[in-house]
């Protein structure tokens, strides 16, 4: 996105990213989430700062502030606040944030890749699937075992999230695009495995709720 | 109640009013220097019952005047029309069994109510209520009112919101914002001034239930989660009591009255009164008179609570879900605000205290708090209030139909609005020139379990092999919670045309036609009102002159002066029954001029009498 645009209203060059520095009219929003928040492209994000920035940008951009302004500014305000809200939703969640960065960097983050079982978990996954099948057929005796597996996988998720946090810091510390891409590739792997386990836990939960209902 | 920092430097610009368009009652409010105020009617009443009746002369009667017609003209009188907004006949089959009015044929996409020989859609009926509120505001403020904020249940879907906006347009109001009722209530309480914190707003009205959880921070009201049921409210309680009463009557009198509109409305009135009394006393009687026969039944609060317990319990599930969605435990809720007439019921209050472990706020009148909040929001939009901002959410997830009748979610519920999502579509057949997109709202996975919102037809795609076209579609939910769709051809970068076919509701053309029709009617209404007002003025001066002619002062006038008064009096009486308000006003002025001397004489007589210390 060209940041050095002319103001749509008064034509001032290098108008500024939110308001024109000359006539103060609202400009077309930038679509990149990090740029929008005026933050560097880093995977670790200061959540308190993000929230503060969200509130202050909301106050500047929300359509409620543009009721009595020109049609063009109303449109930009609607567009800008929808990007602001979407960006805040994505950036405050570490997983969505990482997926966003991967997507912007051109990585394919489709669901397909999470169909493969992580090799080190083959045995546990196999056992869990067996237990699930038995429960579906009405065998309640597997319940304690199922509960235990569920806890185990939840622990793995917690562990993974801690690992992700480290990978984020590693990414942010790299100099140069190549080095960063290499870390992003690792992160993508972690995310795929994480999604696999998450789906598994969801399936257990769904079955247990259906059974209790 | 808090004070408001208001910037009235631009006071002369157009005023925006706040309207609570309720299932049972509606109100209009505005913001002045002291804060938000509900605008009373000429009789001093704050509430306009949301009742609309079509009179024999084809004019509408609205509010209190229509209330009696619920009984006398039940087939031409509509109430609780909010329950029908944005819905099709199949949606409301169950509840319209209890309604005395008829649903006409062809109501699949928009309900058409048969009144007299004509048909009206719910937005047209609501527009009558809005017009009444508009006139009330205009009479009180002494200026034309054309812009409004209107509140809707937080859990209203896209079609219900659109229908509300349509109603505003038909009534001649530009609806600048639809605000969710619980959020509006939190604005009225001004809880942000006290401290930052988390607030739950529990809103049980006549026909709808909402729960919203908000975080307040330096004047920002951020909704974290909302939930509810658009078909749960005081009406359900009334129907429960009504059914019991009708059963009683059937066994006592041996007569089934459930098909007599007049009887049902009479008994409904009686059970509502009993319900309201039970909020303040432990025992009361349902007391109804119908065609000279009396029905009476004692009811204790204890029995009442047994009867309604499951209705109250139905509100708790959405409350728990909202807390889960907000990621909060009940302990995290600092304050609870109660909204809607049904929160006067002690059982409701105790259920809410137990659930949230906090004593609910009930300081503001639960019937008025939403309208007051709408007025605050109106002042935010006008720029008069600058230290507050509402960040609301969409109550329902938005998705599109994919293969196998499955819904793929694009915007999740409780996303802050405005919110958007983009999706790239392609063609599946060589040379295909349009793509149909089916948009739905709801939380379930299958299309059949979600609410169809609209079908969008992307047209004019250049013919090319299957899978080559790349059309980027942007779904945008605005600050009113209403969806719009735009599309762009990624290969050419040009805007793509999108044809919208809403699944429920009126098309733009239909609304336009209704605006034109209602405008013509509004002109008549306006003229009729002018005549009425002119006659009231004429009555005042006629009776004053009558009195004066019998006084001593009359005799002090010369013959010519007396003749002039008589002439002007005569002339006014001649035009009094005519339909030209200008002419009536003109003759009033003439009479006023002719009686000036008479008035002075009377004044002098009065002064002389006062000086003498005697009474005249």
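Could we say that residue A:151 is within 14 Å of chain B (Cβ to nearest Cβ) and either part of a loop (DSSP other than H, G, I, E, B) or surrounded by fewer than 16 Cβ atoms within 10 Å (Cβ to Cβ) (or both) here?
no
Filter the range B:362-390 for residues that are over 22 Å from the mean Cα position of the chain (by Cα) and within 13 Å of chain A (Cβ to nearest Cβ); which is nearest to residue B:209 (Cα to Cα)?
Only one residue fits best here, namely B:389.
For the structure I just gave you, tell me whether residue B:404 is closer than 18 Å to residue B:201 by Cα and away from chain A (no Cβ under 13 Å).
Values: closer than 18 Å to residue B:201 by Cα: no; away from chain A (no Cβ under 13 Å): yes.
Criteria not met by residue B:404.
Suppose we filter the range B:146-179 for residues that are within 18 Å of residue B:339 (Cβ to Cβ), at pLDDT 95 or above and either within 14 Å of chain A (Cβ to nearest Cβ) or in a loop (DSSP other than H, G, I, E, B) (or both); how many remain?
Residues meeting the conditions: 3.
Among the residues of the range A:55-69, which ones are without any contact (Cβ under 8 Å) to a residue 40 or more places away in the chain and more than 9 Å from every other protein chain (Cβ to nearest Cβ)?
Within the range A:55-69, the first condition is being without any contact (Cβ under 8 Å) to a residue 40 or more places away in the chain, and the residues that meet it are A:55-59, A:62-65, A:67-68.
If the condition is that a residue be without any contact (Cβ under 8 Å) to a residue 40 or more places away in the chain and more than 9 Å from every other protein chain (Cβ to nearest Cβ), then A:56, A:57 are the ones that fit.
When you go through A:212, A:199, A:129 one by one, which is the residue that is more than 20 Å from residue A:41 (Cα to Cα), surrounded by 10 or more Cβ atoms within 10 Å (Cβ to Cβ) and without any contact (Cβ under 8 Å) to a residue 60 or more places away in the chain?
Values: A:212 fails: surrounded by 10 or more Cβ atoms within 10 Å (Cβ to Cβ); A:199 fails: without any contact (Cβ under 8 Å) to a residue 60 or more places away in the chain.
Just a single option satisfies the conditions, and that option is A:129.
Quick check on my filter: what residues within the range A:89-105 are under 11 Å from residue A:43 (Cα atoms) and over 9 Å from the mean Cα position of the chain (by Cα)?
Taking the range A:89-105 first, the residues under 11 Å from residue A:43 (Cα atoms) are A:91-102.
If the condition is that a residue be under 11 Å from residue A:43 (Cα atoms) and over 9 Å from the mean Cα position of the chain (by Cα), then A:102 is the only one that fits.
Identify, by number, the condition in (1) farther than 14 Å from residue B:401 by Cβ; (2) buried (at least 21 other Cβ atoms within 10 Å of the Cβ); (3) within 38 Å of the chain's Cα centre (by Cα); (4) more than 14 Å from chain A (Cβ to nearest Cβ) that residue B:499 doesn't meet.
For residue B:499, the failing item is (2).
Which ones in the range B:409-450 are more than 24 Å from residue B:224 (Cβ to Cβ), modelled with pLDDT of 90 or more and within 12 Å of another protein chain (Cβ to nearest Cβ)?
If the condition is that a residue be more than 24 Å from residue B:224 (Cβ to Cβ), modelled with pLDDT of 90 or more and within 12 Å of another protein chain (Cβ to nearest Cβ), then B:422 is the only one that fits.
Can you tell me which residue among A:132, A:157 is assigned to a helix (DSSP H, G or I) and within 20 Å of residue A:96 (Cβ to Cβ)? Write out each step before concluding.
Working: A:132 fails: within 20 Å of residue A:96 (Cβ to Cβ).
The conditions single out A:157.
For the range A:75-88, indicate whether the set of residues that are under 13 Å from the mean Cα position of the chain (by Cα), surrounded by fewer than 20 Cβ atoms within 10 Å (Cβ to Cβ) and not assigned by TED's automatic domain parsing to the domain that holds residue A:186 is non-empty.
Looking through the range A:75-88, none of the residues is under 13 Å from the mean Cα position of the chain (by Cα), surrounded by fewer than 20 Cβ atoms within 10 Å (Cβ to Cβ) and not assigned by TED's automatic domain parsing to the domain that holds residue A:186.
Check whether at least one residue in the range B:403-410 is at negative phi, in a strand (DSSP E or B), touching a helix residue (DSSP H, G or I) at 6+ places or on another chain (Cβ under 9 Å) and without any contact (Cβ under 8 Å) to a residue 60 or more places away in the chain, and report yes or no.
Filtering the range B:403-410 for residues at negative phi gives B:403, B:406-410.
Checking which are in a strand (DSSP E or B) leaves us with B:406-410.
Pick out the ones that are also touching a helix residue (DSSP H, G or I) at 6+ places or on another chain (Cβ under 9 Å) and you get B:406-407.
From what's left, without any contact (Cβ under 8 Å) to a residue 60 or more places away in the chain: B:406-407.
Looking through the range B:403-410, at least one residue is at negative phi, in a strand (DSSP E or B), touching a helix residue (DSSP H, G or I) at 6+ places or on another chain (Cβ under 9 Å) and without any contact (Cβ under 8 Å) to a residue 60 or more places away in the chain.
The values are calculated or read from the model by the stated rules, or taken from the named source; none is laboratory data. All figures in this text were calculated on a predicted structure; none of them were measured in a lab. FYI the Cβ positions are ideal-geometry reconstructions off the backbone, even for glycines, and counts take in every protein chain you see.
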